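Below is one structure, written out as structure tokens; the observations come after it.
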């Protein structure tokens, strides 16, 4: 079977089962009426690798549901350590690997470990809401470092200017959600040097590190031969790579074994240390050992879908969309339509029956205004239907819609449909 045929059988339209998805995808499909296509939460609409399903079923077959050690299975930590070395260039022994009940919990744990009441934490703008929520919960203060939305780039000098005596942490997201930027080694080295000079630790969220499209290549900051690498906490998960968000399985690579122990204590204080389940760890282990051919086919499908979606969006009036190097989300600029981010999300839901995430401060920070986020981890047919609906709706906006009257072909602007 050719790679194309294998990819098609895994990720074609026949794999999308809306009724099943509405029962199982509780924060996407199950949230909306049956006629709505949800392009919101960044989760895939496809079954995970069969090896993961088989391993989880086998782990439950004997009927025993014991507690799991907060340290995690040694076999899992050893395997992840091997993967981190082989695929990401991070030399970290199993003692430095801290399993977590999802990457969100991992982010919270690191922030609570390093941030105290009143401390400042630098985060990118725009960026996913989890960083800000973690900083707020630790009593810290958000300090936004604006990114260039048109290029997706980060200015290290701008970041350096924001560091103060109260700075406790620099938060990076690489590949970046929602812009899709895969930071260059040059940028990462510059940030690492700034952090080293100012003695500020770094939290590097790399949960999207396996969703990177050639010729782009992801570099883990902790793999760099920089003097500051010993102060980097790297967060990696299996949710995006293998379509396993509900497995709730993430990892932190701590700078040292001592800091790994400190992080485990932080998880205990948060009440998250004992939330690892044996079957989740078994599933993650199966993914890390046997899921890579599935991931390769998934990435091929995503790249084709990305190219299709970017071309369609850029052909729509008032829409401009950069082509991301990583992730499976798009962040088109909709400001030329005359609608704000929240208005556009509400308009598309009402008139196109598609759900997107508004680029509001709540979700992505103040710099996100003028954009919406679209997840495209579904089939080509589903995205075609969604974008067909979006195109028709946008063309009906006052700035772009014209219609004939009964009098001699006179053309007058269309009206914004009532909400």
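Residues that are touching a residue at least 60 places away in the same chain (Cβ under 8 Å), surrounded by fewer than 17 Cβ atoms within 10 Å (Cβ to Cβ), assigned to a loop (DSSP other than H, G, I, E, B) and in contact with a strand residue (DSSP E or B) (Cβ under 8 Å, 6 or more places away or on another chain) occur at least once in region 25-33. Beta carbons closer than 6 Å, at least 6 apart along the sequence or on distinct chains, pair a first residue in region 332-343 that is closer than 9 Å to residue 399 by Cβ with a second that is crowded, with 18+ Cβ neighbours inside 10 Å for 336/318; 337/318; 337/397.
If you go through region 34-71 and keep only what is more than 24 Å from the chain's Cα centre (by Cα), loosely packed, with under 14 Cβ neighbours inside 10 Å and not in a loop (DSSP other than H, G, I, E, B), you end up with 54, 57, 58, 60. In this structure, does residue 203 turn out to be in contact (Cβ under 8 Å) with a residue 60 or more places away in the chain, within 18 Å of residue 252 (Cα to Cα) and buried (at least 23 other Cβ atoms within 10 Å of the Cβ)? When the stated conditions are applied, residue 203 passes them. Among the residues of region 327-346, those identified as surrounded by 21 or more Cβ atoms within 10 Å (Cβ to Cβ) and over 26 Å from residue 182 (Cα atoms) are 339, 344, 345.
Scanning region 91-126 for residues that are assigned to a loop (DSSP other than H, G, I, E, B) and touching a strand residue (DSSP E or B) at 6+ places or on another chain (Cβ under 6 Å), which turns out farthest from residue 198 (Cα to Cα)?
Here is the first cut: in region 91-126, the ones assigned to a loop (DSSP other than H, G, I, E, B) are 91-93, 101-102, 115-119, 126.
When the remaining residues are screened for being touching a strand residue (DSSP E or B) at 6+ places or on another chain (Cβ under 6 Å), the result is 92, 102, 115, 119.
Numbers: 92: 24, 102: 30, 115: 16, 119: 15 Å.
Here the answer is 102.
In region 286-315, which residues are assigned to a loop (DSSP other than H, G, I, E, B) and surrounded by fewer than 20 Cβ atoms within 10 Å (Cβ to Cβ)? Write out each step before concluding.
Of all residues in region 286-315, those assigned to a loop (DSSP other than H, G, I, E, B) come to 291, 315.
Scanning region 286-315 gives a single hit, 315.
Answer yes or no: is there a residue in region 231-244 that is on the phi < 0 side of the Ramachandran plot and at pLDDT below 95. Yes, region 231-244 has at least one match.
For region 316-348, a tally of residues being more than 16 Å from residue 389 (Cα to Cα), out of contact with any strand residue (DSSP E or B) (no Cβ under 7 Å at 6 or more places or on another chain) and assigned to a loop (DSSP other than H, G, I, E, B) returns 6.
Could you list, in sequence order, all residues of region 139-152 that are at negative phi, more than 22 Å from the chain's Cα centre (by Cα) and part of a loop (DSSP other than H, G, I, E, B)? Quick ask: steps written out before the conclusion?
Taking region 139-152 as the starting set, the residues that turn out to be at negative phi are 140-151.
Restricting the remaining residues to those that are more than 22 Å from the chain's Cα centre (by Cα) gives 140-141.
Across region 139-152, the qualifying residue is only 140.
Looking at region 349-365 only, could you name the residues that are assigned to a helix (DSSP H, G or I) and in contact (Cβ under 8 Å) with a residue 12 or more places away in the chain? Answer for region 349-365, where residues must be assigned to a helix (DSSP H, G or I) and in contact (Cβ under 8 Å) with a residue 12 or more places away in the chain: 349, 350, 351, 352, 362, 363, 364.
The values are calculated or read from the model by the stated rules, or taken from the named source; none is laboratory data. Owing to the predicted nature of the structure, the values given are computational and were not obtained by experimental measurement. Every residue, glycine as well, gets a Cβ built from its backbone with ideal geometry; the counts of neighbours run over all protein chains shown.
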